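Okay, structure first, notes after.
The values are calculated or read from the model by the stated rules, or taken from the named source; none is laboratory data. Note that the coordinates shown come from a computational prediction; the quantities given were computed from them, not determined experimentally. Note that each Cβ is placed from the backbone with ideal geometry, even for glycine, and that neighbours are counted across all protein chains shown.
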Amino acid sequence: MCMKIRIVLLLLGLSTFILGNAQNDRSLKGSIQDAESKEPIVGALIYLSDDSENKKPLGESGLDGSFVLRKIPTGNIKIRVSYLGYKEQLVEVNIDASEILATPIGLYKNSLNEVIVIGHKNGDDRKSFLIDRNADGLQNSLSARAIEISPDVTVANSLQRMSGVTIQRSSNGEGRYAIIRGMDQRYNTTLINGIKIPSPDDKYRYVPMDLFPSDLLERLEVIKTLTPDKEGDAVGGIMNLVMKNAPNYQIVSGFFSAGSSTLFSDRPFQTFNSNVINKRSPAQINGPSYLAKVGDFPRRNLILRNASQPSIQAGATYGNRFFDKKLGFVLGLSFQNNYRGSDQILNTQYPGATILPSSAAGKITDNYPQFDATVNNKYSTQNRRIAVNNKFDYNINNKNKISLYNLYVRMDEFQARSSSDTDVNTNLGQVKINTRTRWQIQTIYNSTLHGDHNLSDRLSFNWTAAYSVARQQTPDYANFEVDYAKTKNADGTQSLPLIFTPNSPSMSAIWAHNSDKDLSGYLNFIYKTKLSNNDLEISWGGLARHKIRDNYYIKYSLTALDSSFSDILSSNLDFKTGSATAPYGNTGIGRNYSIKENVVAGYGQFKLDLLQKLQIIGGVRIENTSQRYNTNLSSDVNAGKGHIYYTDVLPSLHLKYAFDDRQNLRASYFRSLVRPGFVEIIPQDIPASENEAYEQQGNPYLKHTTADNYDFRYELYPKGTDQVLIGAFFKRLYNPVEVTFSHYSVIGGNPSPGTNILTPTNIGNVKNFGIEAVYTKFFGKFGINANYTYTHSSATTSKYFLHYDSTTKVNVTQSRNQTRPLQGQAKHIGNLSFIYKNPSIGLDAQIAYVYTGERIALVNTFYDMDTWQAPYSQLDFSFEKKLFKRLSLYGKINNLLDTKTKYYIKQPYLIGNTLNKIPGQSDPTKQIFVQQDIYKISYLFGIRFKL
């Protein structure tokens, strides 16, 4: 509570400071623009004409080119307006009271021989705005400066500020994956400088976006339509991370910040000793025939201790050009060590449904969900990120240029989870106390060599050779469980005696690692010509990519030999009696595998500009996919090895009509595909103990997804970076994939009902459509940035329905069709940011609000039993105040509303003739509570310098 009060006081203080600076006596108001284009000029400096250049300017033009000069002398004065790349302008004004200039002050550009380099700074808002405006397809961007002054420190959290994008959060509340236009993360692709990168995730292709610190970006792009020259595997969109480029002049910059989370004001942050962990399993160290010993498994990594360390972030960038501006170089370094966490309550479900013979409704209730246990989890997560970004480019001459880019990112996640569970209805019976520790290492390395060559005035080509490798390693993923019997005594007190069983106390240790290596080559030719005096550009080319992915897994399980348990260290553990294979470790069902994938693609594309009004881009892309996988499964298991191949023809057509220089109308069609994740096409099984709550399996009969995509958008650019964008989209998906509850095992084709197993499944054909609106307006020192997206999809699937037949007096399982939205899709998405920028006092401030409507988190195979995530709102605040010319103070505060993530089933709670029995239940008449995650408020304060 004290921390919340301090944060509120801080915000009030900043507001008072801003308002105080808004007061004035005599003032002069006006605006500054380019004399020829009439575009507003942001950041022009205004001086009194008799001031020397070393004197402080009276003011600076704002976000819309306007300025206000306060407390200026009366009478006739001359002001001098200065801006890099433009000629200075003198203006004479008579000041009696407050004056407003009737016409804008126009600045003329210097002649070419007076200025060596004229252009936008790398990463500024104006450059990003122009790139979006002039793009061949639909895209939205965030500049480095917009990201820098936002409340976000990772790319994942920055993505939620963009139109049509929501994020899926990890267990510590941080954004991890992006959902674009209501399309689950599987339908989206991640690029680094336009090059596709592999994922370190052990299950899927999509890349965890929280790996990337946002301070290394020059621009973040979300591309929503695909032209033939782009890879065709995206339905929702493409996230392109444009990293820092070599500047035209020397830059030296850096930052340092520290902060914390108010979650750890209420409870301690728990950590463990990772130094005792062996990076390799006993079988890796000694060979697969080695009989492991109890001494091979340290237990000190399961001893949790309290820690109170602040989150720390730091970074630095250096860039310059050498040898007469021919050689460019940039190096960026970033380090983050963040402490986050969450408190979770989870009600797990039994498989299938039940019949309530006597419910709160006073009648028999068909097809009702049944719950197993209430689990209380406390997560403490330390994320340590290291990132290095480096680029060289060399201008051989005015026709040839080469560049070499390298990126390395690493995130070490140290997570401690303490949990307890008991019967969901009685809060009595068996209680499981569980301690789990995990050290997960994720890395991505990318090296890209690129060349641009002009063979003539008409013909040019470019090429790219890229090597990328993504890895994940989880050494000694340890789990310890002790069971107790919770009973109620005659006097009303409760007892909690230890239960000694063959599986309690128990300990497990898992070693797992995977790698994904890509070798890629790209080649593109561009030929420029004329067609009836209209500009025509013809391009063709292709790519070849060879991918090798492998996965390693082994698990060791130990149990107590007797009931003499006092703590983890003293417990007498050994391999289960009578199991001769236990010391060798369990390599799982299909958990050890390798897969090779070859993708070959070619395309042809044309771009035609008709009468400087209509631009037409069209063509076709052909992609061939070949996958071969092999597992450690025996030959009698279905699809233990396999070869999957397919070819897709992907046509596209894009139209852009310019009404004038400020209005565009765009329409487009493209066909695209999505390849399933590797683990999804392999017949493997992941137990519930390793997957948070439920067992998970692959599906070797899964088909890849294709889609027809249609887009329409009207664009208005009134002035400067102001914009109004209104658009609509429609997508028809064929064989989309969703992860659903299944009660049958894919392994061996078991026909009998089993447990709740998460299984990837093709759900037929689906339609998805929506509208998008973006509004950006700057007036003086204030600005507003808003976007709204409405999405609607319709998927009809067959589900089970358990019905009580009153005639035969038996329960009958029926089949019913149910129509619902796509998994992960929110119908309503909104972003609203208020921006304040006062150059005269060096203050930037922003308050940002994000809203995500309810969405299906988990699809159940039984009717009306899908798990929904409740609507989510988040309010964040950030500021930056210049202290000196090169030094500024900044702060970022997240989740000011202390928003919680909640999940529920859309049925009334009817069990036991009570309305509030299940733990966490708040609205029993409309929904059944399933899960809640609490993150609290987090904050960072620091300093930033730019030399």
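Here are the numbers for this structure:
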quantity: Selected residue [assigned to a loop (DSSP other than H, G, I, E, B) and among the aromatic types (Phe, Trp, Tyr)] from Tyr710, Tyr714, Tyr669, Tyr701; calculated: Tyr701
quantity: Residue in the range 274-301 that is surrounded by the most Cβ atoms within 10 Å (Cβ to Cβ), counting only those that are part of a helix (DSSP H, G or I) and polar (S, T, N, Q); calculated: Asn301
quantity: Number of the exception - His453 against (1) modelled with pLDDT under 95; (2) in a strand (DSSP E or B); (3) more than 33 Å from the chain's Cα centre (by Cα); calculated: (1)
quantity: Qualifying residue in the range 832-844 (condition: over 24 Å from the mean Cα position of the chain (by Cα), surrounded by fewer than 18 Cβ atoms within 10 Å (Cβ to Cβ) and not small (Gly, Ala, Ser)); calculated: yes
quantity: Qualifying residue in the range 907-925 (condition: modelled with pLDDT of 90 or more, aromatic (Phe, Trp, Tyr) and in the same structural domain as Gly315 (by TED's automatic domain parsing)); calculated: no
quantity: Conditions (1) out of contact with any Lys or Arg (no Cβ under 9 Å at 6 or more places or on another chain); (2) closer than 24 Å to Val724 by Cα; (3) crowded, with 18+ Cβ neighbours inside 10 Å: number failed by Leu673; calculated: (2)
quantity: Per-region count, the range 121-177, residues small (Gly, Ala, Ser) and more than 30 Å from Asp609 (Cβ to Cβ); calculated: 9
quantity: Lys641 touching a Leu at 6+ places or on another chain (Cβ under 9 Å) and more than 29 Å from Ile856 (Cβ to Cβ); calculated: yes
quantity: Residue in the range 572-591 that is nearest to Tyr646 (Cα to Cα), counting only those that are buried (at least 17 other Cβ atoms within 10 Å of the Cβ) and touching a Leu at 6+ places or on another chain (Cβ under 9 Å); calculated: Gly590
quantity: Any hit, the range 669-680, residues being without any contact (Cβ under 8 Å) to a residue 60 or more places away in the chain and within 27 Å of the chain's Cα centre (by Cα); calculated: yes
quantity: Criterion (within 34 Å of the chain's Cα centre (by Cα) and under 19 Å from Ile510 (Cα atoms)) met by exactly one of Lys607, Lys555, Lys596; calculated: Lys555
quantity: Strands (runs of 3 or more DSSP E) completely within the range 474-575 that count 2 or more residues being at pLDDT below 90; calculated: 534-560, 573-575
quantity: Residue in the range 302-309 that is at positive phi and either exposed (fewer than 14 other Cβ atoms within 10 Å of the Cβ) or not in a strand (DSSP E or B) (or both) present; calculated: no
quantity: Exclusive hit being out of contact with any Phe, Trp or Tyr (no Cβ under 9 Å at 6 or more places or on another chain) and modelled with pLDDT of 95 or more, set Thr789, Thr797, Thr807; calculated: Thr789
quantity: Single condition Val375 does not satisfy, out of (1) buried (at least 16 other Cβ atoms within 10 Å of the Cβ); (2) under 30 Å from Gly319 (Cα atoms); calculated: (2)
quantity: Selection from the range 686-701 of residues that are at pLDDT 75 or above and surrounded by fewer than 19 Cβ atoms within 10 Å (Cβ to Cβ); calculated: Pro687, Tyr701
quantity: Cβ pairs under 7 Å, 6+ apart, first in the range 811-834 and more than 16 Å from Ser873 (Cα to Cα), second exposed (fewer than 14 other Cβ atoms within 10 Å of the Cβ) and among the charged types (D, E, K, R); calculated: Val812/Asp805
quantity: Criterion (in the same structural domain as Arg321 (by TED's automatic domain parsing), surrounded by fewer than 20 Cβ atoms within 10 Å (Cβ to Cβ) and modelled with pLDDT under 95) met by exactly one of Asn347, Asn406, Asn398, Asn337; calculated: Asn398
quantity: Residue in the range 10-19 that is at pLDDT below 60 and either of a type in the set (Gly, Ala, Ser) or not in a helix (DSSP H, G or I) (or both) present; calculated: yes
quantity: The range 96-127 - residue that is more than 26 Å from Val252 (Cα to Cα), of a type in the set (A, V, I, L, M) and modelled with pLDDT under 75 and, of those, surrounded by the fewest Cβ atoms within 10 Å (Cβ to Cβ); calculated: Ala102
quantity: Qualifying residue in the range 530-550 (condition: more than 30 Å from Gly619 (Cα to Cα), among the β-branched types (Val, Ile, Thr) and either surrounded by fewer than 16 Cβ atoms within 10 Å (Cβ to Cβ) or in contact with a helix residue (DSSP H, G or I) (Cβ under 8 Å, 6 or more places away or on another chain) (or both)); calculated: yes
quantity: Members of the range 631-658 found to be over 31 Å from the mean Cα position of the chain (by Cα), free of Cβ contacts under 8 Å to residues at least 40 places away in the same chain and assigned to a strand (DSSP E or B), listed by number; calculated: Lys641, His643
quantity: Elements of type strands (runs of 3 or more DSSP E) contained in the range 724-834, each with 1 or more residues being touching a Leu at 6+ places or on another chain (Cβ under 9 Å) and aromatic (Phe, Trp, Tyr); calculated: 737-742, 765-779, 782-805
quantity: Subset of the range 56-71 [more than 16 Å from Leu107 (Cα to Cα) and touching a strand residue (DSSP E or B) at 6+ places or on another chain (Cβ under 6 Å)]; calculated: Pro57, Leu58, Gly59, Leu63, Val68, Leu69, Arg70
quantity: Scan of the range 457-473 for residues that are over 38 Å from the mean Cα position of the chain (by Cα) and at pLDDT 95 or above, ordered by number; calculated: Arg458, Leu459
quantity: Top-ranked residue of the range 352-371 - restricted to ones that are at pLDDT 85 or above and of a type in the set (A, V, I, L, M), ranked as nearest to Ser815 (Cα to Cα); calculated: Ala353
